[in-house]
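J.: Here it is, the structure in full.
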Amino acid sequence: MLGALPGLERIRFYNTYDIDAAAFPRPEMFHDLQLVSFDGLFTSDAKVLRERLKGFWNAHVNHPRSAKWMAENINNPFRSWGDDDRTLGRRANELWRNALTDARRQDSVADSLRIVTEFTDGLRVLAEEFPLDTLCREQATEALDRLAHLELGLPEGTDAVPSQGWEW
């Protein structure tokens, strides 16, 4: 498909976990190509792409992930946070895993509200210690919503669950 676009100048892919790396066109097919970038892909695909892009002056293949890592983190809303700051990523992922572990053990609405409060407090601590950009804040809000409503089953509008517009 990309081969039908010979005038491409820049190609960027993010979270490309379903690609046929061996079928990716070689850079010489694109006469005006200035950049090829992959950010987030399987380790096996990264190897193939690095070989296919060998010799191209501006090729980037970043953040390859093993199949085991992806299986463990595919639904983790904070899985990419460690790409820029390992400490932030480690702490956000730990906060998420702990909340999910607690969610599986909860047996009352009071437990669910406690888990949401602890998760929210943990996110606030992270926001105080690290500069969270808009995307991170949106991902954190989506994670909170997912935890409260999908994982814990709290109905929309439940007291003690911050609304979408809340501040970190």
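J.: Can you tell me the FRET efficiency between LEU150 and ASN73 if r is taken as the Cβ-Cβ distance and R0 is 22 Å, rounded to the nearest 0.05? Don't jump to the answer; show the numbers that get you there.
T.: Working: r = 17 Å, r/R0 = 0.78.
Efficiency computed from Cβ-Cβ geometry: 0.80.
J.: When Rg is the radius of gyration of the Cα atoms in segment 77-151 and Rh is its Kirkwood radius, what does Rg/Rh come to? Before the final figure, lay out the partial values.
T.: Numbers: Rg = 12.1 Å, Rh = 12.5 Å.
We get a ratio of 0.97 for segment 77-151.
J.: Using 0.36 nm per residue, how much length does the chain from THR87 to ALA110 gain when fully extended, once their Cα-Cα distance is taken away?
T.: Values: separation 23, 0.36 × 23 = 8.28 nm, distance 3.11 nm.
5.2 nm is the gain from fully extending THR87 to ALA110.
J.: With +1 on the Cβ of every Lys and Arg and -1 on the Cβ of every Asp and Glu, and nothing else charged, how large is the dipole of the chain about its Cα centre, in debye rounded to the nearest 20?
T.: Numbers: 20 positive and 28 negative charges, 168 e Å.
Its charge dipole is roughly 800 debye.
J.: With Cα Rg over 2.2 N^0.38 Å defined as stated, name the option among (i) 1.08; (ii) 1.30; (iii) 1.16 computed from the structure displayed.
T.: Comparing each candidate, only (ii) matches the computed number.
J.: Report, in cubic angstrom per residue, the convex hull volume of the C-alpha atoms of segment 5-103.
T.: Details: hull volume 10.2 nm³, N = 99.
Expressed per residue, the convex hull around the Cα atoms of segment 5-103 is 103 Å³.
J.: Tell me, how many Å apart are the Cα centres for segment 1-34 and for segment 38-60?
T.: 11
J.: Taking amide hydrogens as modeled 1.01 Å from N in the peptide plane, which residues meet the under 5 Å criterion relative to ARG65, leaving out close sequence neighbours?
T.: Result for ARG65 returns LEU41, PHE42, THR43.
Any read-out appearing in this document is the output of simple, stated calculations on the displayed coordinates, not a laboratory observation. Computed from a predicted structure; not experimentally measured. Cβ atoms come from the backbone with ideal geometry, glycine included; neighbour counts cover every protein chain shown.
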